[in-house]
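Computed from the coordinates by the stated procedures, all read-outs in this text should not be read as laboratory data. These numbers come from a predicted model, not from an experiment. Note that we place each Cβ from the backbone using ideal geometry, even for glycine, and neighbour counts take in every protein chain shown.
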Amino acid sequence: GQNIDQPTEMTATEGAIVQINCTYQTSGFNGLFWYQQHAGEAPTFLSYNVLDGLEEKGRFSSFLSRSKGYSYLLLKELQMKDSASYLCAVRANYQLIWGAGTKLIIKP
Amino acid sequence: EAQVTQNPRYLITVTGKKLTVTCSQNMNHEYMSWYRQDPGLGLRQIYYSMNVEVTDKGDVPEGYKVSRKEKRNFPLILESPSPNQTSLYFCASSLGGDAGNTIYFGEGSWLTVV
């Protein structure tokens, strides 16, 4: 079967760093996405990894290890506006398989 | 402006009354899809389309129909809505294949079936 796992909820402090993990088991792999979704709004694109390694984009970085079926999203210098759900999705054979999302709560 | 537009944004309807949620994209994307999102379950794909006249079932197609007669439009049809179809629906599009590394979402349609 195809499966994507990520923690349901995480809490972090404003100004700190948080790492959100995602593990996957899929038949085929064409890339892994991270999306941010504020409550009641559409998901917005954060990052896309297709090769192993770290992709850095401002305060956000995403890492991929295809051999381990593992990715993480790293958020630095957390701000209150980062409170949202973070969705991991894997593209496999022209389909997208989505994780249930990680709700990130930022405390002052 | 590149966008995916879906309508209506909010709808309350009664069981059994056919409804259509429209979706249109202006980016000439081949790939379009419909998702529903329910608390604790994340995004679940209903149907997707690789190109005009090509549609396929996603993970939860029961109770839904789609059509892709034009590249830009991908309507979602609920022939006989039931309360378990109360959900937040998103339409999405992308270039498709390995080149489609960004998925664009519509703003979402809140559907309540009573």
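Once you list every other residue whose beta carbon is under 12 Å from the beta carbon of residue B:3, what net charge do they have if Lys and Arg are +1 and Asp and Glu are -1? Numbers along the way, then the final one.
Details: positive: B:72; negative: B:1, B:107.
Around residue B:3, the charge tally is -1.
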Let me check against my output: what whole-number percent is the relative contact order of chain A, with C-alpha pairs under 8 Å and at least 6 apart? 38 percent
Of B:26, B:63, B:41, whose Cα points farthest to the positive end of the dipole of the protein assembly as shown (charges on the beta-carbon: +1 Lys, Arg; -1 Asp, Glu; origin at the Cα centre)? B:63
Starting from the amide H of residue A:92, placed 1.01 Å from N in the peptide plane, find each other amide H under 5 Å away whose residue is 5 or more places distant or on another chain. A:30, A:97
Any idea what the dipole of the range A:18-105 comes to, in debye rounded to 20, about its Cα centre with Lys/Arg Cβ at +1 and Asp/Glu Cβ at -1? 100 debye
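Average partner chain C-beta neighbours within 10 Å, per residue of A:92-104? Don't jump to the answer; show the numbers that get you there.
Numbers: counts 0, 0, 8, 6, 11, 5, 8, 2, 7, 5, 0, 0, 0.
Across the residues of A:92-104, the mean count of other-chain Cβ atoms within 10 Å is 4.
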Summing +1 per Lys or Arg and -1 per Asp or Glu among the other residues with Cβ less than 12 Å from residue A:83's Cβ gives 0
Chain B: relative contact order from alpha carbon pairs under 8 Å, six or more residues apart, as a whole percent, is 35 percent
Highest mean packing first, using Cβ neighbours within 10 angstrom, the peptides A:24-37, B:10-23 sort as A:24-37, B:10-23
Taking the DSSP beta bridges in chain A as the whole, what percent of them are antiparallel, to the nearest 5? 90 percent
What does the C-alpha gyration tensor say about the overall shape of the range A:40-107? Classify as rounded when a/c is under 1.5, otherwise prolate if a/b is larger than b/c, or oblate. oblate
Please sort A:1-10, A:82-91, B:40-49, A:40-49 by packing, taking for each peptide the average over its residues of neighbouring beta carbons within 10 angstrom, highest first. A:82-91, B:40-49, A:40-49, A:1-10
Compute the distance from the alpha-carbon center of the range B:41-114 to that of the range A:18-94, in whole Å. 22 Å
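Given Cβ point charges of +1 (Lys, Arg) and -1 (Asp, Glu) and nothing else, what value in debye, to the nearest 20, does the dipole of the protein assembly as shown about its Cα centre take? Display every interim value, and only then the final one.
Numbers: 20 positive and 20 negative charges, 68 e Å.
For this selection, approximately 320 debye.
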For the range B:9-15, 3J(HN,Hα) per residue [Karplus equation, 6.51 cos²θ - 1.76 cosθ + 1.60, θ = phi - 60°, Hz, x = Gly/Pro]: 7, 9, 8, 10, 9, 9, 3
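Of the listed pairs A:76/B:65; B:17/B:69; A:107/B:57; A:57/A:107; A:57/A:103; A:103/B:57, which have alpha-carbon separations greater than 32 Å here?
Values: A:76/B:65 43 Å; B:17/B:69 24 Å; A:107/B:57 41 Å; A:57/A:107 23 Å; A:57/A:103 21 Å; A:103/B:57 28 Å.
Listed pairs above 32 Å: A:76/B:65; A:107/B:57.
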For a distance above 21 Å, tell me the whole-number percent of Cα pairs in chain B that qualify. 30 percent
